[in-house]
Amino acid sequence: MKVFVVNCGSSSIKYQLFDMTDESVLAKGVVERVGSADALLEHTAKGMTTKQQVVAPDHSAGMKLIFDVLVDAQLGVLKSISEIDGIGHRVLHGGEKINQPCLIDDNVRDVIRENFLLGPLHNPANLMGIDAAIAAMPNVPNVAVFDTGFFATLPPHAFRYAVPSAWYTKYHVRRYGFHGTSHRYVTRKAAELLGKHAGEVNLITVHLGNGCSMTAVANGKAVDHSMGLTPLEGLMMGTRSGDIDPAVLFHMHSVGKLTLAQLDAALNKQSGLLGVSGVSNDMRDCLAAADGGNENAALALRMYIYRIAKYVGSYYTILPSCDAVVLTGGVGENSVAVRSWILQSLARLGVKGDEKRNGQTVRGKAGPVTTDDSTLPVWVVPTNEELMIARDTMVLVKGE
Ligand code: ADP
């Protein structure tokens with residue numbers, strides 16, 4: 001069975017084609033700058049990566065270009081596009097109505113549309129991708145996998161905010177949670193690696209990419225999560241502030257004269273590592289700047305680690321027990337230095353870092369980074385959201 005996985009942003013279409021007999025990736029790539037005059041298609045297949053300028057005035061045109069390259073005589077991996085058995089779409093927000101991967105029909109499309117307000121940047125783009133895929137291949141089943149889905153099991157005392165109840169009942173203000181496909185994937189993988197049943201594992205999963213989030217997992221189910229109504233809450237991120245006192249907004253509105261739009265941009269795009277370091281949103285740049293003596297970069301890194309330690313501590317308290325802390329995402333999977341600081345910051349919980357294991361855990365490798373006698377093990381588990389979506393799609397297409 002071949003499954004095509006799509007992740008549509010407002011101006012990009014990322015894709016991977018899986019052969020599900022062995023879960024290998026046959027081809028992957030991205031169309032960037034969809035909608036502009038100079039769109040770019042980057043395509044990797046058969047060990048080759050090619051880049052070409054393309055004309056992609058909209059998502060439909062971009063999707064058609066991808067299907068064309070998949071059957072191209074030189075760059076392609078399929079004889080015919082009809083070899084694709086199912087298409088899986090990453091969708092940001094399912095609101096409270098949909099929390100399971102599902103076959104896309106008009107009802108599902110309506111729910112994605114209803115949640116445009118809660119996911120204004122992503123849901124419209126996700127729906128464009130779905131419509132483009134349906135238009136290009138009308139007879140192939142399409143599946144939606146929601147980033148919010150894994151968090152449907154959060155209890156009300158974890159997902160409600162202490163604000164007037166009508167904000168929830170009338171305006172749907174609550175914690176939804178994001179990066180769910182990643183947290184779900186690493187939860188299952190960690191259970192497997194720890195020799196536990198997926199429904200019995202207790203974990204704290206920490207996704208550290210450009211966006212950063214943390215989930216408390218009890219008996220394989222999410223019971224708390226750091227992101228909230230939007231992906232702005234919680235840990236410090238590349239450009240997002242994470243937690244702040246909401247009154248900072250009133251203050252910066254009245255004293256700093258910032259408009260709502262400016263506050264939104266400041267907290268989402270100009271804060272986090274970028275805002276504090278003044279250097280970059282990219283962890284590698286911040287690490288290099290701190291190494292070179294930049295004090296603002298060093299402070300940004302200390303704040304980043306401190307916030308992670310505080311969240312792990314609070315999630316440790318609410319879990320019945322904790323089998324492991326799991327680190328994933330670009331930073332969690334690759335940065336020996338950041339992991340080393342995290343390990344040191346968790347010493348009070350009985351974490352004993354193993355620097356040799358940490359140093360040897362390089363890109364793509366799963367394994368513990370603590371000693372065998374560490375009371376609380378810390379593991380690195382590379383995430384694979386696309387594969388999770390491909391598996392979900394296969395199950396639904398097969399009707400298992
Ligand atoms: P996204 O959240 O967009 O999927 P990733 O999960 O790829 O992003 O994570 C991107 C982050 O990972 C960036 O901050 C990048 O600097 C960081 N990163 C990637 N490789 C390394 C590395 N070797 N050392 C430190 N940070 C790294």
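The values are calculated or read from the model by the stated rules, or taken from the named source; none is laboratory data. These numbers were taken from a predicted model, which means no experiment stands behind them. For neighbour counting, all protein chains shown are included, and Cβ atoms are generated from backbone atoms with ideal geometry for every residue, glycine included.
Structural remarks
- Residues of the range 276-318 satisfying the condition of being within 20 Å of S182 (Cα to Cα) and among the hydrophobic types (A, V, I, L, M, F, W, C): M283, I308, V312
- Residues satisfying the stated conditions in the range 177-215, i.e. farther than 27 Å from C286 by Cβ, in contact (Cβ under 8 Å) with a residue 60 or more places away in the chain and of a type in the set (G, A, S): A190
- Test: residue in the range 383-394 that is in contact (Cβ under 8 Å) with a residue 24 or more places away in the chain, part of a loop (DSSP other than H, G, I, E, B) and surrounded by fewer than 19 Cβ atoms within 10 Å (Cβ to Cβ): no
- Beta carbons closer than 8 Å, at least 6 apart along the sequence or on distinct chains, pair a first residue in the range 311-335 that is over 20 Å from G199 (Cβ atoms) and assigned to a helix (DSSP H, G or I) with a second that is more than 16 Å from the ligand (Cβ to nearest atom) and β-branched (V, I, T) for V312/I204; V312/V325; Y316/I204.
- Meets criteria (modelled with pLDDT of 95 or more, more than 12 Å from the ligand (Cβ to nearest atom) and either of a type outside the set (A, V, I, L, M, F, W, C) or in contact with a His (Cβ under 7 Å, 6 or more places away or on another chain) (or both)) for G329: no
- Enumeration of residues in the range 126-150 that are assigned to a loop (DSSP other than H, G, I, E, B) and surrounded by fewer than 24 Cβ atoms within 10 Å (Cβ to Cβ): M137, P138, N139, V140, P141
- Within the range 271-288, being away from the ligand (no atom under 12 Å from the Cβ), assigned to a helix (DSSP H, G or I) and in contact with a helix residue (DSSP H, G or I) (Cβ under 6 Å, 6 or more places away or on another chain) holds for one residue alone: V276.
- Within the range 206-227, being within 13 Å of the ligand (Cβ to nearest atom), in a loop (DSSP other than H, G, I, E, B) and in contact with a strand residue (DSSP E or B) (Cβ under 8 Å, 6 or more places away or on another chain) holds for one residue alone: M227.
- Answer residue from the range 218-249, given it is over 17 Å from the mean Cα position of the chain (by Cα) and β-branched (V, I, T) and is surrounded by the fewest Cβ atoms within 10 Å (Cβ to Cβ) among those: I244
- Verdict on A265 being within 16 Å of the ligand (Cβ to nearest atom) and either assigned to a helix (DSSP H, G or I) or touching a residue at least 24 places away in the same chain (Cβ under 8 Å) (or both): no
- Test result for V351, among the β-branched types (V, I, T), within 16 Å of the ligand (Cβ to nearest atom) and either over 30 Å from K2 (Cα atoms) or buried (at least 16 other Cβ atoms within 10 Å of the Cβ) (or both): no
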